[in-house]
Every structure is written in C-alpha cells, then in structure tokens.
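Read the figures in this text as sums done on the coordinates, not as results from a lab. Note that this is a predicted model, so its numbers are computed, not measured. All Cβ positions, even for glycine, are placed from backbone atoms using ideal geometry, and neighbour counts span all protein chains on display.
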C-alpha cells in the first residue's frame, strides 16, 4: 500500500505504479526505450541495471518478460529507498532486488560476482562535468552529469559483470557516439547493434541505443 509523502507523486506507466519525487529525479522516455531495446529476455536470464534510479527499468523488464533475477544498483540513498518501495508496490520483490552502492568499486570489493549477468543495462549520466548547466537538485545533477562516474568506469564495470557472450545495452547522446564507440573498443567489447532515437517523429535523432557483446 502506497503512503503518500508531500514531496512525491504516484504515477502510472501502463499497469505499473511509480513513486517519484516531485522536484527530484524523475524517469524519462530514455529509460522506457532502453528497457524495450533489451527485450526479449528469458526466464533464465540474469539482469543488472547500473544506476537504476527509481527502479523503472527493472520494473518494465519484470512486467514485459519472464526474467526472474533482476538487480538494480544505485548510489543515491534517496533513490534506493524509492526504488525499493516501487518494487514492493508492484509486488515484484521475488524477482527484483535493489542494492545501494557505488558501481565503480564492484570489481574492487567483489560485491557482485564477475561475469555473472547475461544482460547488463544502463541509462547513465551523459553530460560531461562543467559542460552543461548543473541542476540545483543534487539528485537530478548526479543522475544527469558525470559527477560520480565516467564513461570508461561504466563500460569497464559492465564488462566485469557481463557473462561470456553477455549483452550490454546503453542509451547515450548521439553527439557522444564516437566517444562511446572508442571506449567500447578500448575495453575489448564488440559493437552489435545501434538504434537511433528521435524525440518526436520527423525530428533529428538525439539519442542512440547501443548493444555490445562481451567476448
């Protein structure tokens, strides 16, 4: 049962109910598009969402596929709390686990087993620090700007987590595609698929969905 807080909203995404902060981080179409991009998934898959925010991607994957083992990891405690409540609200606690932690140190502290996920997914912060206006909300700023991580951090940890022949999927600004490809290749990963995303029909693409494979 959802208990309303004054600084929150309760929104609907198809049949899902999503708790969000009124003025903090709120999920965007990017998360929905990325979740749909990695489908289909099988019941035997194991999935990790790096930087899960309010847990929207795990919720969509659980709703749209039979996958039984989904982990969302998030560094911001306020978002971890909301993500856990969203999982409970949608009765998905048996399939989704939300962890609080810094993904950059997963390999160092071995908190998650190496090569243990058949699918790794992330809608990461994509604005370089000092290259854009910083949101006055620290929650939004960390979710959108590379304040706590870098692109190379993300790709390197994704490779660590992905099983052999595992799938790794991101959504990223089209303007930084060449940089993303360079980092992917520098980490010994294979580019498999690209899909360009426009904000509206007949508009130029602003984002790109990327699938790579761990070797």
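Quick one: length gained pulling residue 36 to residue 192 fully straight, 0.36 nm per residue minus the C-alpha distance? Provide the component values of the computation, followed by the final result.
Details: separation 156, 0.36 × 156 = 56.16 nm, distance 1.64 nm.
So the chain would gain 54.5 nm between residue 36 and residue 192.
Rounded to the nearest 500, what is the chain's calculated 222 nm mean residue ellipticity when only DSSP H runs of at least 4 contribute -39500 (n - 2.57) each, over all residues?
Working: 7 runs with 64 residues, N = 215.
Per the formula, -8500 deg cm²/dmol.
Could you sort 57-65, 111-119 so that the peptide with the highest average Cβ count within 10 Å comes first and the rest follow in order?
Numbers: 57-65: 22.6, 111-119: 16.9.
In decreasing order of mean packing, 57-65, 111-119 become 57-65, 111-119.
If you take mean projected area of the Cα convex hull in nm² from the coordinates, which of (i) 17.6; (ii) 11.9; (iii) 10.3 do you get?
(ii)
Looking at the stretch 28-213, what % of its DSSP beta bridges pair antiparallel, to the nearest 5? It would help to have the intermediate numbers written out before the result.
On the way: 14 of 34 bridges.
Once the DSSP bridges in the stretch 28-213 are tallied, antiparallel ones form about 40 percent.
For residue 22 and residue 177, what does the FRET efficiency come to when R0 = 30 Å and r is the distance between their Cβ atoms, rounded to the nearest 0.05? Don't skip to the answer; put the middle values down first.
Details: r = 33 Å, r/R0 = 1.12.
After rounding to 0.05, the efficiency reads 0.35.
For the stretch 1-115, what is the relative contact order in percent, using Cα pairs closer than 8 Å and at least 6 residues apart in sequence?
On the way: 181 pairs, mean separation 25.7, N = 115.
Here the relative contact order equals 22 percent.
Please give the length that would be gained between residue 100 and residue 116 if that part of the chain were fully extended, namely 0.36 nm times their separation in residues minus their C-alpha to C-alpha distance (nm, one decimal). Numbers along the way, then the final one.
Working: separation 16, 0.36 × 16 = 5.76 nm, distance 1.84 nm.
Gain in length upon complete extension: 3.9 nm.
Using a 10 Å cut-off around each Cβ, can you sort 12, 179 from fewest to most neighbouring Cβ atoms? Mind dumping the intermediate values first?
Values: 12 8, 179 14.
Going from least to most buried by this count: 12, 179.
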